[in-house]
Amino acid sequence: MFELSKEGVEFVKKEMQRYETKRSAIIPALYKVQEENGGWVSPECVTYLSQLMDLPEVWINEVLNFYTMFNKEPVGKYHVQVCCNVSCAMNGGRELADHLCKELNIKDGRHSEDGRYTLSRVECLGSCGTAPMMQVNDKYYENLTKESAVQILKELP
Amino acid sequence: MLKCKINGVEVEVKEGTTIIEAFKIAGQKIAHYCWHPGLSVAGVCRLCMVEIKGQPRLQIACNTPVQDGMEITNQSEQVKETVRWGLDFHLINHPLDCPICDQAGECGLQDQYMEFGLYTPEMAEPKVKKHKVVDLGSKIVLDTERCILCSRCVRFTAEVTKTYELGIFNRGDRSEIGTFENKPLENNYALNTVDICPVGALTSKDFRFRQRVWYLQERESICTGCSTGCNIKIYFNEEGLFRIRPVYNEKVNGYWMCDEGRNIYKFVNKENRLLKAKKGRKGEWLEMEGGAAAKDVAHHFKSLDKERIALVVTGQFSNEEYEALFQFYKKNVGNDFVYHWINNKESFEDFDGLLLRGDRNPNTKGLLQKLEDYRYEQTWAHLEENLKAGKIETLIVAGPENPLWFPDLKEKVQQWGIQLSHLIWLSSAKVQAVDEVECLTWQIPLKTFFEKDGTYVNYQGLEQKSHRIATIVPGALSLSEAAHLMAGEEYKVDMAPILKGPKKNYYVHRRGYL
């Protein structure tokens with residue numbers, strides 16, 4: 001059974017105070033849950049959050065399903081998000097993603113075999129000037145080439 | 001009051017009225033899916049577009065309040081084209097599986113398309129595939145591909161039942177309605193979502209695939225499921241009754257009714273009815289017509305000791321029937337051993353906060369009033385005492401129409417079978433326990449609310465008339481008819497037309513297309 005840490009609960013409570021309706025605090029609360037649940041939000045997390053925030057489960061599930069920033073299934077140790085939107089695509093973002101899949105042994109286009117990496121192709125991450133780029137967990141890596149990207153990922157602890 | 005012109009028709013409306021309401025008041029047609037008078041305004045279907053004189057852009061009628069002097073139309077070419085495009089968009093990902101869809105014939109998409117659409121589709125893209133035949137518990141099946149995301153059902157569970165089961169998940173053309181983790185939708189008002197669903201996304205497990213709606217007739221009546229007395233519409237044909245839906249009545253039920261009430265049609269259909277009158281006891285029954293049995297009772301009545309007769313009544317009959325029964329009792333028996341059989345006593349005062357009341361009788365108020373008028377004041381304990389002491393030999397029971405709501409039925413009947421020498425059992429329902437009693441018994445089949453006229457008084461004291469629709473069991477009597485016949489009077493029994501459905505293709509003719 002998932003539970004937020006003490007700071008997590010405090011954070012959610014504070015966010016609930018911050019908006020006119022507590023429904024507005026669902027997004028920050030879900031971020032917190034995702035952070036503490038190892039990168040994804042499970043159905044149990046939704047149930048837990050609905051009890052904590054005293055909101056219906058469907059409301060939380062609606063938000064969770066709407067946004068792609070929330071992961072609905074477990075992710076690897078490193079969640080690699082490769083931008084494939086206009087600027088990055090023009091500079092080889094899509095090819096970069098294909099290359100990473102090959103190099104990191106990602107067969108189904110999502111998880112590497114050893115579970116270390118999960119790769120998603122995402123829309124604009126707001127770093128067009130430094131395309132192509134990727135985000136690994138919370139960190140941006142910019143001005144990538146195929147080689148440098150693979151090197152960065154392999155060198156991660 | 002505000003004055004406005006709707007398609008050239010002048011109407012006066014109250015302040016705060018929306019344009020779509022004004023259209024309804026003016027009796028003008030307007031296309032819409034998401035707007036429902038009993039729910040909040042969502043403004044998502046974009047079909048109720050209207051043109052307001054002096055405003056360059058079209059507005060949605062459901063979310064625009066009427067202002068004084070507005071001239072509104074939905075007859076202009078611009079509006080018609082917009083609605084056509086709107087419909088085209090609604091149908092982009094709709095599977096068009098009407099031949100196997102249970103909503104066909106009463107589907108909003110079909111209706112609005114014939115009324116406002118009639119375009120040639122221009123979509124060449126493949127359709128988005130979504131979940132089909134999602135099981136939402138014991139009552140409802142969901143087909144998310146057919147859904148047009150009007151959000152009526154979502155608003156219903158949020159605003160009316162406040163149970164918040166349904167939501168819209170995902171986004172864009174992959175949006176679909178559903179419950180969290182496919183939890184079943186089991187609240188007692190869930191079938192209202194099927195009624196308000198304009199398409200075939202939510203269908204009732206009880207009704208789906210049993211009849212095509214164009215083979216059904218519909219008539220209005222009163223629900224006899226509890227003391228609220230919701231106004232209902234019954235759908236039936238020559239094969240029997242198939243479903244019940246609510247009818248708007250501001251004073252009683254609003255737009256809704258509960259799911260338990262929807263089941264009452266099952267107790268009108270032949271399968272659960274006492275079809276023939278019977279005389280005898282366990283193992284030796286003689287079948288006869290209802291009228292003949294009542295006359296036989298009248299004949300036998302003369303030899304009975306009048307001081308050892310008692311009458312038991314339930315709150316399931318109409319005022320007129322109580323009157324006739326008590327008249328009969330007063331004239332032919334004369335004692336005051338009249339007892340009110342209260343079913344599920346513990347939950348009698350319950351109320352679920354919406355419509356369903358613990359008192360599962362349509363006319364308890366009417367019965368109490370009649371008991372008072374005739375000064376019948378005996379308590380149930382008095383009956384039990386007398387039975388035990390052997391002071392009562394004959395019991396006349398005006399029994400339940402729906403035996404499900406009488407949990408003590410079997411136990412009581414068994415007990416009477418031992419304590420009595422004669423039992424006169426008047427009921428529309430087939431009751432196993434009565435077939436097994438040891439004393440001499442007459443079972444007389446009664447008519448249900450569907451087969452007789454009558455007045456019911458609901459918990460508020462509101463009198464509602466229910467009208468005879470058709471006959472299901474030929475030879476069944478109303479309680480008044482039975483009372484007159486048991487009194488030995490000549491009485492003309494209403495045996496009239498056996499249930500006949502509409503002509504095949506009734507709806508097709510009405511609509512004028514095939």
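The values are calculated or read from the model by the stated rules, or taken from the named source; none is laboratory data. No experiment lies behind these values; they were computed from the predicted model shown. Neighbour counts are summed over all protein chains in view; Cβ atoms, including those assigned to glycine, are modelled from backbone coordinates with ideal geometry. Side chains are part of the model used for accessible areas, which takes the heavy atoms of the whole protein and leaves out ligands, DNA and RNA. Shrake-Rupley method; radii C 1.70, N 1.55, O 1.52, S 1.80 Å.
I'd like the full set of residues that are hydroxyl-bearing (Ser, Thr, Tyr) and open to solvent by 60 Å² or more (accessible area, probe 1.4 Å), limited to segment B:343-399.
The answer is B:THR379, and nothing else.
Output the residues belonging to segment B:1-34 that are among the β-branched types (Val, Ile, Thr) and not in a loop (DSSP other than H, G, I, E, B).
Those that are among the β-branched types (Val, Ile, Thr) and not in a loop (DSSP other than H, G, I, E, B): B:ILE6, B:VAL9, B:VAL11, B:VAL13, B:THR18, B:ILE19, B:ILE20, B:ILE25.
Does segment B:192-214 include one or more residues that are within 14 Å of chain A (Cβ to nearest Cβ) and surrounded by 21 or more Cβ atoms within 10 Å (Cβ to Cβ)?
Yes: one or more hits.
Take A:LEU55 and tell me if it is in a loop (DSSP other than H, G, I, E, B), touching a residue at least 24 places away in the same chain (Cβ under 8 Å) and either more than 14 Å from chain B (Cβ to nearest Cβ) or closer than 25 Å to B:SER175 by Cβ (or both).
Here the answer is yes, as A:LEU55 does meet what is asked.
Select from segment A:27-52 the residues that are at the interface with another protein chain (Cβ under 10 Å from one of its Cβ atoms) and polar (S, T, N, Q) and list them in ascending order.
The answer is A:THR47, A:SER50.
Take residues that are of a type in the set (Phe, Trp, Tyr) and tell me which of the helices (runs of 4 or more DSSP H) falling wholly in segment B:409-491 contain 1 or more.
Of the helices (runs of 4 or more DSSP H) lying wholly inside segment B:409-491, those with at least 1 residues that are of a type in the set (Phe, Trp, Tyr) span B:409-419.
Please return the ranges of helices (runs of 4 or more DSSP H) entirely within segment A:62-157 where 3 or more residues are more than 30 Å from B:PHE169 (Cα to Cα), touching a residue at least 24 places away in the same chain (Cβ under 8 Å) and open to solvent by less than 60 Å² (accessible area, probe 1.4 Å).
Helices (runs of 4 or more DSSP H) meeting the threshold: A:93-103, A:146-155.
Hey, any hits in segment B:252-268 for a residue that's out of contact with any Phe, Trp or Tyr (no Cβ under 9 Å at 6 or more places or on another chain), assigned to a loop (DSSP other than H, G, I, E, B) and outside the structural domain of B:ASP350 (by TED's automatic domain parsing)?
For segment B:252-268, residues out of contact with any Phe, Trp or Tyr (no Cβ under 9 Å at 6 or more places or on another chain), assigned to a loop (DSSP other than H, G, I, E, B) and outside the structural domain of B:ASP350 (by TED's automatic domain parsing): present.
Away from chain A (no Cβ under 14 Å) and within 26 Å of the chain's Cα centre (by Cα), is that true of B:GLU106?
For B:GLU106, the condition - away from chain A (no Cβ under 14 Å) and within 26 Å of the chain's Cα centre (by Cα) - is met.
Residues checked against (1) within 23 Å of B:LEU420 (Cα to Cα); (2) at pLDDT below 90; (3) touching an Asp or Glu at 6+ places or on another chain (Cβ under 9 Å):
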site	(1), (2), (3)
B:HIS300	yes, yes, no
B:ARG308	yes, no, yes
B:VAL313	yes, no, no
B:GLU320	no, no, yes
B:ALA324	no, no, yes
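I'm trying to understand the selection: among the residues of segment B:291-303, which are more than 23 Å from B:LEU275 (Cβ to Cβ) and either crowded, with 16+ Cβ neighbours inside 10 Å or not assigned by TED's automatic domain parsing to the domain that holds B:TRP442 (or both)?
Scanning segment B:291-303 gives a single hit, B:PHE301.
Just to be sure, is A:LEU49 under 13 Å from the mean Cα position of the chain (by Cα), in a helix (DSSP H, G or I) and either touching a residue at least 24 places away in the same chain (Cβ under 8 Å) or surrounded by fewer than 19 Cβ atoms within 10 Å (Cβ to Cβ) (or both)?
So A:LEU49 fails the test.
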